[in-house]
Amino acid sequence: MARSTEQNPEALQKSIDLMDTSPSSTGPDPAVRERVEALRARINHANYLYYVLDAPEISDAAYDAMMRELRALEEAYPELQTPDSPTQRVGSPFLTTFAPVRHRVPMLSLDNAFGADELRAWEERIRRALGASVRQPIEYICELKIDGLSVSLTYEQGQLVQGATRGDGEIGEDVLLNLRTIRSIPTRILPAAPSPSPSMTLPLITPAQHTVPPLIEVRGEVYMTHSEFARINAEMEEKGERTFANPRNAAAGSLRQKDPKVTASRRLEAFFYAVGACEDCQFESQSELLATYAAWGFPTNPNVRVCANLQEVIAFCDEWADRKNTLPYDIDGVVVKVNSFALQRALGAVSRSPRWAIAYKYPAMQVRTRVEDIVVDVGRTGALTPVAILTPVAVGGVVVSRATLHNAGEIARKDVRIGDTVVIQRAGEVIPEVVEVVTEARTGAEVPFQMPSRCPACNTPVVRPEGEAVTRCPNADCPRQVLARLEHFVSRRAMNIEGLGQRHLEQLVQVGLVRDPADLYALRKEQMLPLERMGDRLAEKILQNIEESKTRPLSRLIFALGIRHVGERGAEALAAHFGSMERLSRATVEELALVPDVGEATAESIVAYFASPRHRQMLERLAAAGVRMQNALETPGQAAGTAGPLSGKTVVFTGTLQRFTREEAEALVLQHGGRATGSVSKKTFCVVAGEKAGSKLEKARQLGVPVLTEEEFLQMLEGPGQASSS
Ligand code: IVH
């Protein structure tokens with residue numbers, strides 16, 4: 001459904017003429033006023049259906065006609081123009097009602113540990129990082145890992161003023177109105193009489209510790225109980241609506257409702273367990289935080305235990321392996337945290353996960369089903385992956401209909417045949433896999449699978465180098481590979497270009513407009529409009545998103561290239577170490593091997609990537625399009641590998657800082673070998689600008705001095721290269 005935007009002046013004139021609404025000194029006819037209001041209401045409704053519900057009810061042509069008519073009327077009667085008219089929404093046509101909210105302190109995620117050995121390895125890493133000996137006990141706290149969605153509530157002077165989803169960890173969505181419908185969430189923190197501790201294991205909180213801070217981000221998990229999930233699904237089924245796959249989806253879907261009344265009609269619950277920004281807070285430990293939250297009236301989960309050592313932690317995890325099935329809600333593991341906040345601070349975070357906490361996951365859920373067929377997927381590196389098409393089956397609340405068989409060797413080892421009954425398993429977010437064949441269930445009619453000798457997408461003969469498990473399509477122009485590379489490039493964790501879905505990419509590749517990521521930056525609106533499911537506004541939005549992606553951090557771009565073996569972490573380490581694409585592209589295998597998280601195979605694959613003229617040429621085009629090719633702070637002449645990131649440099653802070661006080665900021669600079677000064681000159685290394693920054697920011701821009709947000713500044717100090725040397 002392509003949306004046409006062609007003007008049709010005749011139709012417009014007709015609309016105005018029909019109403020006989022010639023402008024007069026007494027103002028517009030009431031009929032015009034009414035018509036304008038009716039058009040606005042209908043356009044707003046159409047926008048909501050289209051952008052929020054993704055369920056449009058009118059054609060694009062009808063929508064465009066309404067917009068044109070409204071615009072014409074507003075032009076003819078300027079007195080009827082209002083700032084909230086849909087015509088005034090140019091530039092931000094996406095009507096998601098959930099405004100973006102920047103978290104004052106990022107919301108991190110957790111690394112996983114499967115089994116006791118991985119917990120021990122984690123403790124080992126902690127000891128090493130702390131320089132603690134084996135004899136020094138570390139106190140932990142175990143909490144259930146609630147399977148819902150995390151939210152951050154901001155309280156100012158004890159009043160709930162903001163509520164947001166996690167989003168990408170930095171920026172979430174404002175869902176305050178919906179959160180307010182959750183009855184268990186306090187709208188104001190009451191330093192009332194001490195309530196009993198929610199668990200024996202938590203400390204008693206004295207009224208003095210109840211003092212409500214002037215500002216605090218209280219964080220936790222919104223979830224739905226099994227019974228509420230069943231109730232809602234039954235209701236939706238009755239209405240012929242699509243049901244939710246599991247309680248977590250139901251909770252997420254309910255919280256992101258545009259109409260708070262709908263959220264209110266679904267009973268959501270919450271537990272709180274973490275803190276973001278906090279002014280004048282003196283919590284000394286996680287157990288104290290939990291006890292205080294409980295005393296302040298927040299729902300906290302009673303099933304927590306302070307453990308004197310890792311042995312006790314393992315016992316807690318074992319205990320809950322079975323007990324979890326008796327809970328009225330889903331958990332997806334146990335979160336183990338170092339209890340002391342001082343130790344937590346000393347441990348810090350790597351990438352997006354804190355070192356001081358880990359998610360203990362229970363073994364995957366397994367079920368039996370039948371292999372209907374085995375098909376072959378072609379990935380972005382040309383790898384052919386056999387995939388089992390299954391009789392759909394629910395595994396832990398998610399319906400699974402495909403499972404990876406990894407490669408030909410795995411199929412042979414497990415002897416999976418078409419028609420077999422197999423055990424499949426799903427663990428967390430990973431792709432479901434076939435564990436084994438139930439050979440007793442064989443009838444003799446099962447058909448063995450053969451890897452194709454030609455690529456199913458482009459018919460090129462496949463290759464399987466000696467000693468390698470993976471069969472590949474060697475044709476870099478293979479349409480499936482091209483598409484998979486583009487999908488990866490635009491994906492959320494890479495360049496995060498929203499709106500460009502698989503179907504759009506497929507068409508762009510098909511018509512030959514896009515062959516590689518650099519082509520995306522040359523796209524023009526006229527070229528996009530003929531695509532299916534593309535409208536004027538969507539095309540504009542996509543082009544704007546493509547434009548915005550040019551400033552993604554270098555690490556994202558490196559990850560987005562899809563170099564074999566280079567994951568998110570590796571990309572971050574590479575960006576921190578080399579600082580620019582230019583230097584990375586010139587690195588030798590030996591130089592690459594010095595980077596943390598980069599092994600030999602990765603190093604070789606990076607060198608091979610940059611050796612390809614095709615890749616070099618693509619990178620040149622990306623650079624020419626204005627895509628950022630270096631870390632925010634890199635200035636051309638800067639040598640890599642100086643001691644501290646700020647050694648010998650001056651930094652200027654300006655505006656209102658949110659993440660630290662001026663003193664703290666200046667101390668940080670000192671700690672990293674630099675100096676904080678008050679005036680900007682050409683020699684200033686960078687300016688860190690908070691809110692309402694004024695003349696200094698202006699000057700920095702004039703002089704071409706890099707300007708950083710507080711987050712970027714912290715990221716620079718805490719970059720992977722930095723963390724590894726501490
Ligand atoms: S602590 C810095 N505690 O798990 C870590 N997270 O994978 C902050 N979650 O995004 C999280 N129960 O949504 C923590 N007791 C708990 C939790 C918990 C559930 C979720 C949370 C977080 C995710 C991390």
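Among the residues examined, R323 qualifies as basic (K, R) and exposed (fewer than 15 other Cβ atoms within 10 Å of the Cβ). So the check is Cβ under 6 Å with 6+ separation or different chains; which pairs have a first residue in the stretch 352-377 that's open to solvent by 20 Å² or more (accessible area, probe 1.4 Å) and a second one that's in a strand (DSSP E or B) and aromatic (F, W, Y)? Filtered contacts from the stretch 352-377: K361/F114. For the stretch 328-361, what are the residues that are within 14 Å of the ligand (Cβ to nearest atom), of a type outside the set (G, A, S), at pLDDT below 95 and within 30 Å of I424 (Cβ to Cβ)? Correct list: Y329, D330, I331, D332, R352, K361.
Each residue in the stretch 145-171 was checked for being closer than 16 Å to M224 by Cβ and either assigned to a loop (DSSP other than H, G, I, E, B) or touching a Pro at 6+ places or on another chain (Cβ under 6 Å) (or both), and 2 pass.
Could you identify the single residue in V435, V416 that is away from the ligand (no atom under 16 Å from the Cβ) and open to solvent by less than 40 Å² (accessible area, probe 1.4 Å)? Before the answer, list the steps.
Details: V435 fails: open to solvent by less than 40 Å² (accessible area, probe 1.4 Å).
The conditions single out V416.
Away from the ligand (no atom under 16 Å from the Cβ), in contact with a helix residue (DSSP H, G or I) (Cβ under 7 Å, 6 or more places away or on another chain) and in a strand (DSSP E or B), is that true of P392?
Values: away from the ligand (no atom under 16 Å from the Cβ): yes; in contact with a helix residue (DSSP H, G or I) (Cβ under 7 Å, 6 or more places away or on another chain): no; in a strand (DSSP E or B): yes.
When the stated conditions are applied, P392 does not pass them.
T369 passes every criterion in (1) touching an Asp or Glu at 6+ places or on another chain (Cβ under 7 Å); (2) more than 10 Å from the ligand (Cβ to nearest atom) apart from (1).
Residues in the stretch 611-630: is at least one of a type in the set (G, A, S) and at pLDDT below 85? Looking through the stretch 611-630, none of the residues is of a type in the set (G, A, S) and at pLDDT below 85.
Restricting to the stretch 330-348, what's the tally of residues that are open to solvent by less than 40 Å² (accessible area, probe 1.4 Å) and under 26 Å from A252 (Cβ atoms)? Even if it seems obvious, please write down each step before you answer.
Residues of the stretch 330-348 that are open to solvent by less than 40 Å² (accessible area, probe 1.4 Å), as a first pass: 331, 333-341, 344, 347-348.
If we keep only those that are under 26 Å from A252 (Cβ atoms) as well, we get 331, 333-337.
Matching residues across the stretch 330-348 total 6.
Note on the stretch 102-117: among residues that are aliphatic (A, V, I, L, M) and within 14 Å of the ligand (Cβ to nearest atom), the one that is nearest to C317 (Cα to Cα) is A113. Entry remark, the stretch 143-169: residues being within 16 Å of the ligand (Cβ to nearest atom) and more than 24 Å from N246 (Cβ to Cβ) number 1 in total.
Name the one entry in A129, A121 that is among the small types (G, A, S), more than 12 Å from L310 (Cα to Cα) and assigned to a helix (DSSP H, G or I).
On the way: A121 fails: more than 12 Å from L310 (Cα to Cα).
Criteria check complete, one pass: A129.
Evaluating P302 against the criteria (1) within 13 Å of the ligand (Cβ to nearest atom); (2) surrounded by 17 or more Cβ atoms within 10 Å (Cβ to Cβ) leaves one unmet condition, (2). If you go through the stretch 256-291 and keep only what is within 13 Å of the ligand (Cβ to nearest atom) and either part of a helix (DSSP H, G or I) or open to solvent by less than 20 Å² (accessible area, probe 1.4 Å) (or both), you end up with A270, F272, G276, Q286, S287, L289, L290.
The values are calculated or read from the model by the stated rules, or taken from the named source; none is laboratory data. Quick caveat, the model's predicted, so the values are computed rather than measured. All Cβ positions, even for glycine, are placed from backbone atoms using ideal geometry, and neighbour counts span all protein chains on display. Please note that ligands, DNA and RNA were not included when accessible areas were found on the heavy atoms of the full protein model with its side chains. Shrake-Rupley method; radii C 1.70, N 1.55, O 1.52, S 1.80 Å.
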